[in-house]
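Heads up: the structure comes next, in structure tokens.
The values are calculated or read from the model by the stated rules, or taken from the named source; none is laboratory data. Just so you know, these numbers come straight off a predicted model, no measurement behind them. Neighbour counts run over all protein chains shown; Cβ positions are idealised from the backbone, glycine included.
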Amino acid sequence: MITKTFLVMMISFILSLILGFILIPIFKNKKIDQRLNRYLEDTHRSKKNTPTMGGIVFVLSTLITTIFLLVFGKIKMSNSLFIIIFTFISYALIGFIDDYLIIKRGNNEGLKEYQKLLLQLFVSVIFFLIFIQDNEPVLWIHTFNIRINIGFLYGLFILFVLVSSSNAVNLTDGLDGLATGLSIIAFITFGILSYNTGWLDGYKDIGIFAFALVGSLLGFLFFNSHPAKIFMGDTGSLSLGATLGTYAILTRHELLLVLIGIVFVLETLSCIIQRIYYKFTKKRVFLMTPIHHTFEKMGYKETDIVRMFWIVGLIASMISLAFGIWL
């Protein structure tokens, strides 16, 4: 299994590099570039005209690797793997439409919130209908041996996890390599957790998929690290976040998702706190949100912020593995 895991990572890594070298010049030529937030024009001026929609690179390399493995019988299609692939592709498409509209309109207005929610609701319904074929719709907290059957309401729970996790990664994707590096750490963690979820149908196959995605993200990081030659855009961030949420649901580690993705959670909380506090007081708690921009305003270098957040994510993931596997 270890050998297969590293081979899969190597294949997807190489594919990601190849696709990056092919697509980035095309995106530059077609002017598929980033639209800067007006509040970041001073600090992020150098990022102007950097190509976006780079999520296509790791989405395609992961899918090509997965198809290769399926065709040659190295992994098998199960309901669990289908759910992950379906969510991965669906949210990539939602993000792609959003990115496309932003580029076409020449501003930061893509899909309306209600349009995104309707699309995500559709994905959640399909997810739920396939999920209940092999699994009970229960909230399951292993540590305290708590199992609560919530029936069809589990579909709403799926929607909540997918929406919150996808938006959290999307908010975090504001510095070169930040969301990519944190996602690599998170998917390595969920890949290991998947290998230790023997009761789940197709647990080894979804573990392999996680590491295929890790390899693709490592290849993408070559282009996305500072100074970034391409950004993942909503195409990548929404897909990564929703897929992380999917792993948490399938492996019954929904609570651990909060710890594994602690940086994503903190980034989101900073935005929520800022918005609520400003609404009632017309004052700000943070210099700027998401919170990584506050550190920028305080004078920290972008690369130092990214490394610091990666370390926090790594420590949280190591604690999660100890908790999820041994405790």
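Annotations for the structure displayed:
- Scanning the range 77-107 for residues that are assigned to a helix (DSSP H, G or I) and under 16 Å from I32 (Cβ atoms) yields A92, G95, F96, I97, D98, D99, Y100, L101, I102, I103, K104, R105.
- Hits in the range 261-283 - residues which are part of a loop (DSSP other than H, G, I, E, B) and surrounded by fewer than 14 Cβ atoms within 10 Å (Cβ to Cβ): K282, K283
- Consider the range 79-95 and keep the residues that are small (G, A, S) and buried (at least 24 other Cβ atoms within 10 Å of the Cβ). The one that is nearest to G155 (Cα to Cα) is S80.
- Where A210 falls short, out of the listed (1) buried (at least 24 other Cβ atoms within 10 Å of the Cβ); (2) within 19 Å of T268 (Cβ to Cβ): (2)
- Among residues of the range 62-78, those that are crowded, with 17+ Cβ neighbours inside 10 Å and either without any contact (Cβ under 8 Å) to a residue 12 or more places away in the chain or not hydrophobic (A, V, I, L, M, F, W, C) (or both), counted: 4
- Scanning the range 136-164 for residues that are assigned to a loop (DSSP other than H, G, I, E, B) and either of a type in the set (D, E) or in contact (Cβ under 8 Å) with a residue 40 or more places away in the chain (or both) returns E136, H142, T143.
- For the criterion of being closer than 30 Å to L287 by Cβ, within 19 Å of the chain's Cα centre (by Cα) and either of a type outside the set (S, T, N, Q) or modelled with pLDDT of 95 or more (or both), D98 passes.
- Hits in the range 63-109 (condition: β-branched (V, I, T) and farther than 23 Å from G198 by Cβ): I64, T65, I67, V71, I89, I94, I97, I102, I103
- Candidates V263, V258, V285, filtered to the one that is within 22 Å of Y154 (Cβ to Cβ) and at pLDDT 90 or above: V258
- Count - residues of the range 234-292 that are within 14 Å of the chain's Cα centre (by Cα) and among the acidic types (D, E): 2
- Residues in the range 245-260 that are in contact with a strand residue (DSSP E or B) (Cβ under 8 Å, 6 or more places away or on another chain) and outside any helix (DSSP H, G or I): R252 only.
- Of the residues in the range 184-204, not one is farther than 19 Å from L321 by Cβ, in contact with an Asp or Glu (Cβ under 6 Å, 6 or more places away or on another chain) and either without any contact (Cβ under 8 Å) to a residue 40 or more places away in the chain or small (G, A, S) (or both).
- Filtering the range 187-229 to residues that are of a type in the set (V, I, T) and either in contact with a Cys (Cβ under 7 Å, 6 or more places away or on another chain) or modelled with pLDDT of 95 or more (or both) leaves I188, T189, I192, I206, I208, V214.
- Of all residues in the range 298-327 being farther than 14 Å from L266 by Cα, crowded, with 18+ Cβ neighbours inside 10 Å and of a type in the set (G, A, S), the one that is modelled with the highest pLDDT: S317
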